[in-house]
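S.K.: Pasting in a structure now, in C-alpha cells, and then I'll have a few things to ask.
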Amino acid sequence: MNRGRTGSERIAQKPLGRVALYPPDGCAPAMDDAAIALPVRAPILTPPRHPARRGPIFNQRTAMAGEYEFLQVERKDGIATVVVNRPEKLNALNGATVAELDRVFRSLRDDDEVRGIIVTGAGEKAFVAGADIGELAKMGPLSGVRTSRQGQDAFRFIEKMPKPVIAAVNGFALGGGLELALACHIRVASENARFGLPEVKLGIIPGYGGTVRLPRLIGRGRALELMLTGEMIGAEEAYRIGLVNRVVPQVELIGEAESLLRKIMANGPIAVALALESVDRGLDTTLDDGLVLESNLFGLLAATEDMREGMQAFLEKRPAKFQGR
C-alpha cells in the first residue's frame, strides 16, 4: 500500500543540490551543494491558490457533504475538522469508517488550503469508543490480519501527515479510539474523557498500533498496566502521565484545539512539516542517524524563502508572512 511521501520527498520547487542523508561512515556530511548522495528539493507546501473562503461551517465550500457515510468533514479558514459520525454506536470504528478516514486524510494532505486538522467524535459521550464488536466477532485468522493492517495503514498515514493533526477527545477513547488519538500529533481532552485499551477483556490485543505507540508515549510500565488490566483512566490521569497535552471543559474543547492549531499554523509550514518528519523518522533510527537526518533537514530549510522571511521579520520586529516555499 502507498503510505504517502514524507515532507522532504514531496518535490515542488527548484533543486537544492544533493544532500547525503546517511553517509557510509555514519558521520554528518558537510551541508553544502557539493555533498553527493540523495537529490533533495523543497517540499510541496504551497500557499493557498485563493484567499480562504469564510462562511458557515456547513456551507458548500467548507463541508464535503455526501462524500462520506460515517464522517463529517468541515473546512474553515485553513482548518479541516474531521468528525467520526456514528453517535448511535458511540462512534465505534467499523471497516467502512476506517477506509473513509484513510481516504479523507489522503485528500486533506494534498489540499493546499488546509494547514491543520482536528479529529473528534460526534456528540458529547464519545470520541471513538472502540472498534465495531459486531464486525470483530466474525473475524478469522486471515481476516483478523487484514482488519489490523487496514487500521494500521490508515493510522500510520495520519501519523506521517506533513500538517499538524490534533485529536480533540470529547468522551470515551477506548481501543481503536485511543489508537486513533495516539496516531495524531497532539491530544487535547475534555474533562469527561476516558481512555483505555480494553481488548484483553475480549480475548484480543490492540491491533491498530496501540501496543507500539502507547509505550513510546507514556513508558513501558504504564502502557502495560493499561493494556494488561484493560482498565480506563480519566482525563486528569491521562494528563499526569503524558497521554494528553491539555484538559479543558467540554464546551471549550474545539475552541482550545483550534487555538492551539492556529499557533502552529502561524509558523513556517515547511518548518512544521519537516519538524514532524524529523521526530517521526528519528524515533525509528539510532541517535547518530537521527542527528544526521536533523542536520540535513535543517540545511534544507536554509534554502527556502520562508527561512529568509522568518529571519528578516525577526530582525525587523514584525510578524513573518510565510508562503510555504
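The values are calculated or read from the model by the stated rules, or taken from the named source; none is laboratory data. Values in this document were obtained by computation on a predicted structure and should not be read as measured data. Cβ coordinates were reconstructed from backbone atoms using ideal geometry, including for glycine residues, and neighbour counts include every protein chain displayed.
S.K.: Under 9 Å between Cβ atoms, at least 6 apart or on separate chains: pull out the pairs that start in the stretch 212-223 with a residue that is in the same structural domain as residue 186 (by TED's automatic domain parsing) and end on any residue that is at pLDDT below 95.
M.R.: Final answer for the pair search is 216/283.
S.K.: Is there a residue in the stretch 268-283 that is outside the structural domain of residue 78 (by TED's automatic domain parsing), surrounded by fewer than 18 Cβ atoms within 10 Å (Cβ to Cβ) and farther than 30 Å from residue 77 by Cα?
M.R.: Yes, the conditions are met somewhere in the stretch 268-283.
S.K.: If residue 285 meets every condition in (1) in contact with an Asp or Glu (Cβ under 7 Å, 6 or more places away or on another chain); (2) part of a loop (DSSP other than H, G, I, E, B) apart from one, which number is that one?
M.R.: The single condition residue 285 does not satisfy is (1).
S.K.: Would it be correct to say that residue 133 is more than 18 Å from residue 185 (Cα to Cα), among the β-branched types (Val, Ile, Thr) and out of contact with any Lys or Arg (no Cβ under 9 Å at 6 or more places or on another chain)?
M.R.: yes
S.K.: Something else now. Looking at the structure I just gave you, is residue 112 over 16 Å from residue 67 (Cβ atoms), in contact (Cβ under 8 Å) with a residue 24 or more places away in the chain and not β-branched (Val, Ile, Thr)?
M.R.: Criteria met by residue 112.
S.K.: Among the residues in the stretch 245-259, are any assigned by TED's automatic domain parsing to the domain that holds residue 147 and among the basic types (Lys, Arg)?
M.R.: Yes: the stretch 245-259 contains one or more residues that are assigned by TED's automatic domain parsing to the domain that holds residue 147 and among the basic types (Lys, Arg).
S.K.: Read through the list (1) buried (at least 17 other Cβ atoms within 10 Å of the Cβ); (2) more than 30 Å from residue 271 (Cβ to Cβ); (3) of a type outside the set (A, V, I, L, M), then give the number of the only condition that residue 127 fails.
M.R.: The single condition residue 127 does not satisfy is (2).
S.K.: Still on this model: Hey, among the residues in the stretch 284-304 that are closer than 27 Å to residue 184 by Cα and among the hydrophobic types (A, V, I, L, M, F, W, C), which one's surrounded by the fewest Cβ atoms within 10 Å (Cβ to Cβ)?
M.R.: Result: 287.
S.K.: Anything in the stretch 67-83 that is over 14 Å from residue 254 (Cβ atoms) and out of contact with any Ser or Thr (no Cβ under 6 Å at 6 or more places or on another chain)? List them, or say none.
M.R.: Once the filter is applied, which keeps residues that are over 14 Å from residue 254 (Cβ atoms) and out of contact with any Ser or Thr (no Cβ under 6 Å at 6 or more places or on another chain), the stretch 67-83 yields 67, 68, 69, 71, 73, 78.
S.K.: Within the stretch 121-140, which residues are more than 14 Å from residue 194 (Cα to Cα) and either modelled with pLDDT of 90 or more or of a type outside the set (Lys, Arg) (or both)?
M.R.: 122, 123, 131, 132, 133, 134, 135, 136, 137, 139, 140
S.K.: I've got another one for you. If I ask for residues that are over 18 Å from residue 162 (Cα atoms) and part of a helix (DSSP H, G or I), which ones from the stretch 300-316 would you list?
M.R.: As a first pass, look at the stretch 300-316 and keep what is over 18 Å from residue 162 (Cα atoms): 302-303, 305, 308-316.
Selection gives 305, 308, 309, 310, 311, 312, 313, 314, 315.
S.K.: For the stretch 91-126, which residues satisfy the criterion of being among the β-branched types (Val, Ile, Thr) and not in a strand (DSSP E or B)?
M.R.: Scanning the stretch 91-126 gives 97, 98, 104, 114.
S.K.: Kindly evaluate residue 81 against the criterion of being modelled with pLDDT of 95 or more, surrounded by 17 or more Cβ atoms within 10 Å (Cβ to Cβ) and not in a helix (DSSP H, G or I). Explain how you work it out, then say what you get.
M.R.: Details: modelled with pLDDT of 95 or more: yes; surrounded by 17 or more Cβ atoms within 10 Å (Cβ to Cβ): yes; not in a helix (DSSP H, G or I): yes.
For residue 81, the condition - modelled with pLDDT of 95 or more, surrounded by 17 or more Cβ atoms within 10 Å (Cβ to Cβ) and not in a helix (DSSP H, G or I) - is met.
S.K.: Specify which of the listed residues (211, 147) is surrounded by fewer than 18 Cβ atoms within 10 Å (Cβ to Cβ) and of a type in the set (Val, Ile, Thr).
M.R.: Testing whether each residue is surrounded by fewer than 18 Cβ atoms within 10 Å (Cβ to Cβ) and of a type in the set (Val, Ile, Thr) leaves just 211.
S.K.: Still on this structure: Could you please give the count of residues in the stretch 253-280 that are in a helix (DSSP H, G or I) and either basic (Lys, Arg) or touching a residue at least 40 places away in the same chain (Cβ under 8 Å) (or both)?
M.R.: Total meeting the criteria: 19.
S.K.: Another question, if that's okay. Which one of these is surrounded by 19 or more Cβ atoms within 10 Å (Cβ to Cβ) and out of contact with any Phe, Trp or Tyr (no Cβ under 7 Å at 6 or more places or on another chain): 227, 307?
M.R.: So the residue among 227, 307 that is surrounded by 19 or more Cβ atoms within 10 Å (Cβ to Cβ) and out of contact with any Phe, Trp or Tyr (no Cβ under 7 Å at 6 or more places or on another chain) is 227.
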